[in-house]
Amino acid sequence: MRKLANEELDRKSIEEFKAADKIQVSIFLDDVRSLNNVGSAFRTSDAFLIEKIYLGGITGTPPHREIQKTALGATESVAWEHVPESLPFLKKLQAEGYKIISIEQAENSTSLLDFTPDKNEKYCLVFGNEVFGVDQEIVSASDMVIEIPQFGTKHSLNISVSLGVVIWEFYKSLKG
């Protein structure tokens, strides 16, 4: 085996990415403090054809050097929008037919192991603040809460890791 050169990876241009069919999944970052996490969200969203990223509340926005460090240019390909007031905007998305799913540890949450997205639905996945998680008001207003099962001694994952795990599961189910 040998590693592939960048030229062999068949990467899309920014124009090809923008024109490509996306999975019907958007990402909402609720008060995410780390600009590195924001950049990672862009890069993962680019990799798996996410339709849009919403940057809620205090979440940092491009252009910013710290976001670019981890996004590696994905802020140019992935559509994004800053949303000052998270809850009213998420309710607007619900009214437009999106299923709002908070990624959080909560009562009556659904394990990611037990969830299969429906190809006929549109989803907005909400990821929360690094310390406090998804705001309780948003959790309460969500159509459902998905929890990533964890089996070790720690009870949380970094947002960029959670985002990668969940998006991969959605992509695999919707495009597989």
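In the chain, the DSSP-assigned H stretches of four residues or longer account for a calculated mean residue ellipticity at 222 nm of -10000 deg cm²/dmol, using -39500 (n - 2.57) per stretch and the full residue count as denominator. By the beta-carbon count within 10 Å of each Cβ, the least crowded to most crowded order of MET1, MET144, fewest first, is MET1, MET144. If the elastic network links every pair of Cα atoms under 10 Å, which of ASP135, ASP114, ASP21 fluctuates the most in the Gaussian network model of the chain? Greatest mean-square fluctuation among the candidates belongs to ASP114.
For the stretch 1-153, averaging the sequence separation of C-alpha pairs within contact (under 8 Å, six or more residues apart) and dividing by the residue count gives a relative contact order of 25 percent. Between HIS82 and LYS52, the contour length at 0.36 nm per residue exceeds the Cα-Cα span by 9.7 nm.
What ratio of Cα Rg to 2.2 N^0.38 Å holds for the stretch 20-175? Don't skip to the answer; put the middle values down first.
Numbers: Rg = 14.2 Å, N = 156, 2.2 N^0.38 = 15.0 Å.
My calculation over the Cα atoms of the stretch 20-175 gives 0.95.
Compute the angle between helix 35-47 and the longest alpha-carbon principal axis of the chain, please, reported from 0 to 90 degrees and rounded to the nearest 10. Orientation of helix 35-47: about 70 degrees from the principal axis. The ranking of PHE48, PHE42, PHE151 from fewest to most other beta carbons within 10 Å of each one's beta carbon is PHE151, PHE48, PHE42.
Listed here are the pairs LYS119/LYS172; LYS18/LYS52; LYS12/LYS122; LYS22/LYS119; which of them are more than 18 Å apart at the Cα? Can you show the working numbers first?
Details: LYS119/LYS172 11 Å; LYS18/LYS52 11 Å; LYS12/LYS122 24 Å; LYS22/LYS119 12 Å.
From LYS119/LYS172; LYS18/LYS52; LYS12/LYS122; LYS22/LYS119, over 18 Å: LYS12/LYS122.
Stretched out fully, how many nm does the piece from ASN6 to ASP143 gain, at 0.36 nm a residue minus the Cα gap? All intermediate terms of the calculation are to be shown ahead of the outcome.
Numbers: separation 137, 0.36 × 137 = 49.32 nm, distance 4.09 nm.
Between ASN6 and ASP143, full extension yields 45.2 nm more.
The tail of the calculated P(r) for the stretch 68-148 beyond 19 Å holds 45 percent of all Cα-Cα pairs. Please work out how much length the chain gains when fully extended from ASN120 to LEU157, using 0.36 nm per residue of separation minus the C-alpha to C-alpha distance, in nm with one decimal. Value of the extension gain: 10.4 nm.
Counting neighbouring Cβ atoms within 10 Å and putting the fewest first, the residues THR110, THR70 line up as THR110, THR70.
Give the angle, between 0 and 90 degrees and rounded to the nearest 10, that separates the Cα long axis of helix 159-175 from the longest principal axis of the Cα atoms of the chain. With rounding to tens, the tilt is 80 degrees.
Computed from the coordinates by the stated procedures, all read-outs in this text should not be read as laboratory data. The shown structure was predicted, so the numbers you read here are calculated from the model rather than taken from an experiment. Quick reminder, even Gly has a Cβ in these numbers, built from the backbone with ideal geometry, and neighbours come from all protein chains shown.
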